[in-house]
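Please treat every number below as a calculation from the coordinates, not as lab data. The structure presented is a predicted model; accordingly, all values stated were derived computationally and were not measured. So basically every Cβ, Gly included, is an ideal-geometry build from the backbone, and we count neighbours across all protein chains shown.
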Amino acid sequence: MRFFALLSFLAASFIHAKQPNIVFLFSDDHALRSISAYGGDLAKIAPTPNIDRLAASGAIFKNSFCGNSICGPSRATILTGKHSHKNGFLRNSGKGLDQTQWTVPKALHGAGYNTAVFGKWHLISDPVGFDHWEILPGQGSYYNPVFLQMDGSKKKFPGYCTDITTDKAIKWLDGRDPEKPFFLMCQHKAPHRTFAPALRHLKSFDGLTIPEPPSLFDDYANRSKSLSENEMEIDRHFHWTYDAKVRKNERKGIELPGPDRYGMAEYGRMNAGQKKEWDAHFGPENQAFLKKVGSMSHKEIVQWKYQRYMKNYLGTVKAVDDSVGKMLDYLDKNGLTENTIVIYASDQGFYLGEHGWYDKRWMFEESFKMPFVIRWPGVTKAGSRPQEMIQNIDYAPTFLEAAGLKIPAEIQGKSIVPTLKGEAKDWRKSLYYSYYEKGEHNVPQHFGVRTETHKLFFLPGSDEWQMFDLVNDPQEMKSVYRQPEYAKVQEELTKEFHRLRTHYEAPPFK
Ligand code: SGN
Ligand code: CA
């Protein structure tokens, strides 16, 4: 009897010892195009040596997607393994994530994992299932940010949000129970609007010209009229003070084309020293611009805004990448690398001037895609590039499989472990998408399907369908819906769309 008890004790400790740690490094609005390892026209400029280092030692997914391209809904899907209509978090506003439902941190915690989340949360209701959490209220701030504490109080921390989030996560790792596996979510505000880089990175892109995407001056022809009604154009909706960092009091009465509705709250948060460094960078550049703006064409002004936008956006990415490096170094130095899964992802993609836009929301490729890089020693092959289409519904079941736990039947995603091992058979051939939010940036609700070659979506508000040929029109400049030569594809996609809606138990359109 004693022998069997010892045997089962040994077996249990063996399983326990094998359970890998999970470090989930996450950012907000990080476009694939701004990660070097993804290749493309920014590969030489994108400041991501550490994300690249993770990719080189693990796997990078080019075909990684969200189910609803907006912050809270993407995060709710990650935690629940379900599409928005099933987890109830359809849009950023509302009552918050229903925390009585099954979530992956609760499951891992219940199975003996130490769990923690730091940084951007954005699910309105407080985190549940974590031993420790410290989160940004709402969107949070870049400079001298406030963090919401577990006791409900708010504390302000001097410095730059991305650095602070990582330091908190590392401090937690240092003090954790070393006997237990851990699940750590380190979630940055960056590179989200209002794109405020750390002071040390302000000059990083001086003298460089960032390549423009071919659709920067998209005329929105051949697609739904609603594209031209969006309010996320660099030209017409990128605010001078708020977004472009040309403050009103610097302008000396010079009129600039385009909106300037908001102030610059981030500047208001800075202390005198921070403001001084900020101004030393932006001041002279802004003055040089204001001096020549009178003789610039409208197109040149938009191009100037694009450069300003991109340099600041990439500047905020640089601190995220520093943080990834810090975390990887910490794992190396503490002998944790071998038994730790590290993931780098972001809640959705983002427009970096494609279609003339910033922001996300649409099912078009740039915002539908999520970066997804994973290293799992012994499972991922260094430098591998799985081609399967994965989605954020898949993260929770993947974590469960990694931890050796059963995947509940209600979960809608699939563990991606087979794709990591190069053993995926009968992998999904299509993805379902839904976008429910109305309001800011005026992107209409839409629901769609994507296969490896085509995309179809429906806009209930205008009763319109859009269809794209991703092979022949990768920039999605022309809807081919109702084009006779696409009749067969259209029929198949429509069928697949309805099949997916039934499969995922999506409710009727409202
Ligand atoms: C804020 C931003 C928007 C952004 C949404 C959603 N405005 O409202 O530009 O689309 O968040 O972003 S801001 O003035 O607050 O910067 S999300 O990633 O949180 O969903
Ligand atoms: Ca986001």
task: Pop a pseudo-label 7 angstrom from the Cα along the beta-carbon direction at both R482 and K510 and give the gap in nm to one decimal.
output: 2.9
- request: Determine the alpha carbon to alpha carbon distance for each of K292/K478; K62/K311; K44/K360 and list only those over 26 Å.
  value: K292/K478
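Sorted by mean Cβ packing within 10 Å, highest first, what order do the peptides 207-217, 53-63 take?
The most tightly packed comes first, giving 53-63, 207-217.
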query: By the gyration tensor of its Cα atoms, with a ≥ b ≥ c the square roots of the eigenvalues, what is the shape of segment 50-181: rounded for a/c under 1.5, prolate for a/b over b/c, or oblate?
result: rounded
query: Which Cα, out of Y113, Y313, G67, lies furthest along the positive dipole direction of the chain (beta carbon charges, K/R +1, D/E -1)?
result: Y113
- prompt: Once the other residues with Cβ under 13 Å from the Cβ of V379 are scored (Lys, Arg +1; Asp, Glu -1), what is the net sum?
  reply: +1
- prompt: Is the shape of the chain rounded, prolate or oblate, going by the alpha carbon gyration tensor and its root eigenvalues a ≥ b ≥ c, with a/c under 1.5 for rounded and a/b larger than b/c for prolate?
  reply: oblate
Summed side-chain charge close to L456 - residues other than L456 whose Cβ falls under 15 Å, Lys, Arg +1, Asp, Glu -1: 0
message: What does the net charge come to around M370 if you take all other residues with beta carbon closer than 12 Å to its beta carbon, with K and R at +1 and D and E at -1?
response: -2
task: With only Lys, Arg, Asp and Glu charged, each at its Cβ (+1 for the first two, -1 for the last two), find how big the charge dipole of the chain is about the Cα centre; round to the nearest 20 debye.
output: 640
message: Going by Cα centres, segment 15-45 and segment 376-430 are how many Å apart?
response: 16
task: Take the alpha carbon atoms of segment 315-337, find their center, do the same for segment 118-196, and report the distance between the two centers in whole angstrom.
output: 16
Positive dipole terminus of the chain, leading residue within S462, F372, A272 (C-beta point charges): A272
message: If you filter segment 89-193 for trypsin sites (Lys or Arg not before Pro), then keep DSSP loop positions with at most 10 other Cβ within 10 Å, what is left?
response: K95
task: Would you please classify the overall shape of segment 220-356 from the alpha carbon gyration tensor, given that a ≥ b ≥ c denote the square roots of the eigenvalues, rounded means a/c under 1.5, and beyond that prolate means a/b larger than b/c while oblate covers the rest?
output: oblate
- prompt: If you count, for each residue, the other Cβ atoms within 10 Å and average over each peptide, how do 312-318, 463-469 line up from highest to lowest?
  reply: 312-318, 463-469
- line: Computed about the Cα centre, the charge dipole of segment 50-107 from +1 Lys/Arg and -1 Asp/Glu charges at the Cβ has a magnitude in debye, to the nearest 20, of 100
message: Hydropathy at least 1.0 by Kyte-Doolittle, axial extent at least 15 angstrom from the Cα trace: which helices of the chain, defined as entire DSSP H runs, fit?
response: 2-18
query: Once you put a point 7 Å from the Cα of H298 and another 7 Å from the Cα of S125, both along the Cβ direction, what distance in nm separates them?
result: 4.8
statement: Summing -39500 (n - 2.57) over every DSSP H run of at least 4 residues in the chain and dividing by its residue count gives a helix-only mean residue ellipticity at 222 nm, to the nearest 500 deg cm²/dmol, of -9500 deg cm²/dmol
Loop-located GluC sites (Glu not before Pro) in segment 373-450, at most 15 other Cβ atoms within 10 Å (DSSP): E410, E423
task: Calculate the dipole size of segment 348-450 relative to its Cα centre from +1 charges on Lys and Arg beta carbons and -1 charges on Asp and Glu beta carbons; express the result in debye to the nearest 20.
output: 360
- line: Descending packing, highest mean Cβ count within 10 Å first, for 299-310, 361-372 is 361-372, 299-310
statement: In whole Å, largest first, the alpha carbons of segment 152-294 cover along the principal axes 63, 45, 35
statement: Each label sits 7 Å from Cα toward the beta-carbon; between K62 and D206 the label points are separated, in nm, by 3.7
